[in-house]
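What follows is a set of notes on a single structure, which appears directly below.
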Amino acid sequence: MPNKLFGSPGLAVVGSYGFYEIFSGCRGLTALPSGLFQNVTGNGSSLFGYAFYGCRGLTAIPKDLFAGITVGRTSMFVSTFENCTGLNTTISNKLFGSITTNTTSAPSLFQNTFKGCENLHDIEEKFFSSVTNAANSMFRSTFENSGLKRIPKNLFGGVVTLNANATSLF
């Protein structure tokens, strides 16, 4: 897959489902270039939902894959890497760059993001450090049935505000 596949700098993605299910089920996909979404700007509500769902051959995720995305919306990363059973490297805390959120605009932001990644063993400290406002269900099942061996220090180190209605945050 070529680097910067999605065009020139500042490629604006209009609409809620920009890359929704774009590579879903591509079992032969083994690698992603670090600049794949480098030029993408936008904040569609399900922008990367299910984008790599079930890509079982995928073994690693570039550390800055979503670095250009700065605002987290609704369910932007719902099930993005769900059931990517081949993932077996440490996931960088720079993966989601400098995404900021508020409690009303991103209620399911990371729901099921790494669910079923049974060979995913480690994530870096301060993984969600840019998330300052947590909403109901924001992290629901994020790592369910993954192979995580430990919960890193300061995993949610950036969270300073918790929505009063966040009854099922995890």
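Working out 0.36 nm times the residue gap between THR132 and THR89, then minus their Cα-Cα distance, what length gain in nm do you get to one decimal?
On the way: separation 43, 0.36 × 43 = 15.48 nm, distance 2.61 nm.
12.9 nm is the gain from fully extending THR132 to THR89.
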Item checked: Accessible surface ranking that places the most exposed of GLU144, GLU82, GLU118 first, with a 1.4 angstrom probe -> GLU118, GLU144, GLU82
Next item on the list: Determine how large the accessible area of ARG56 is when every protein chain is in place; take a 1.4 Å probe and give Å² rounded to the nearest 10.
Entry: 110 Å²
Check: Treating the beta-carbon of each Lys and Arg as +1 and of each Asp and Glu as -1, no other charges, what is the dipole magnitude of region 107-151 about its Cα centre, to the nearest 20 debye?
Finding: 100 debye
Item checked: Formal net charge of residues neighbouring SER129 (Cβ-Cβ distance under 13 Å; K, R +1; D, E -1) -> +1
Next item on the list: Starting from the residue with the highest accessible area, list ASP122, ASP64 in decreasing order, probe 1.4 Å.
Entry: ASP64, ASP122
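The values are calculated or read from the model by the stated rules, or taken from the named source; none is laboratory data. If you're wondering where the values come from, they're calculated on a predicted model, not measured in any experiment. Note: ideal-geometry Cβ built from the backbone for every residue, glycine included; neighbour counts use all protein chains shown. Note: accessible area is taken over every heavy atom of the protein model, side chains too, but ligands, DNA and RNA are not part of it. Shrake-Rupley method; radii C 1.70, N 1.55, O 1.52, S 1.80 Å.
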